[in-house]
Amino acid sequence: MEDDMKSEINKLKNALSVPSSSDISITTLNKLNKAPIASFLVDMVKILEQNLDLCKSAAATCDKLKSEQIELQKQLISVQSDQMAAVKQSVKAKKKKVPTATLR
């Protein structure tokens, strides 16, 4: 899919005589007749249609990975909270054991 899209973009850049895709603009497109632009659009639509299932699958996988990441972050926060509580408890215990200095 990526190679096909790059190929089509390169064809359009060559037709427009521009060095990079960032140089493609309404002005440069208006200099062309309709045939190269129409051909580019038809080819890009075909590429997108052929890869629609792939895009949907990728979107679903991204959603799943985000959900998993959120769950892992919740688990991490829980572990860190437990560790923080343990440290607080340890500090309190140490404070109780240390005798306070008496003033003379």
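Looking at the stretch 1-52, which of its residues are among the β-branched types (Val, Ile, Thr) and in a helix (DSSP H, G or I)? Result: ILE9, ILE26, THR27, THR28, ILE37, VAL42, VAL45, ILE47. CYS55 falls short on exactly one of the conditions (1) at pLDDT below 90; (2) open to solvent by 70 Å² or more (accessible area, probe 1.4 Å), and that condition is (2). With the condition kept exactly as written, say whether any residue in the stretch 87-95 is modelled with pLDDT of 85 or more, part of a helix (DSSP H, G or I), of a type in the set (A, V, I, L, M, F, W, C) and over 40 Å from the mean Cα position of the chain (by Cα). Checked the stretch 87-95: at least one residue is modelled with pLDDT of 85 or more, part of a helix (DSSP H, G or I), of a type in the set (A, V, I, L, M, F, W, C) and over 40 Å from the mean Cα position of the chain (by Cα). Taken as a whole, the stretch 5-24 holds at least one residue that is open to solvent by less than 90 Å² (accessible area, probe 1.4 Å), touching a Phe, Trp or Tyr at 6+ places or on another chain (Cβ under 9 Å), touching a residue at least 12 places away in the same chain (Cβ under 8 Å) and not aliphatic (A, V, I, L, M).
The values are calculated or read from the model by the stated rules, or taken from the named source; none is laboratory data. Computed from a predicted structure; not experimentally measured. Ideal geometry is used to build each Cβ from the backbone, glycine not excepted, and the neighbour counts take in all protein chains shown. Side chains are part of the model used for accessible areas, which takes the heavy atoms of the whole protein and leaves out ligands, DNA and RNA. Shrake-Rupley method; radii C 1.70, N 1.55, O 1.52, S 1.80 Å.
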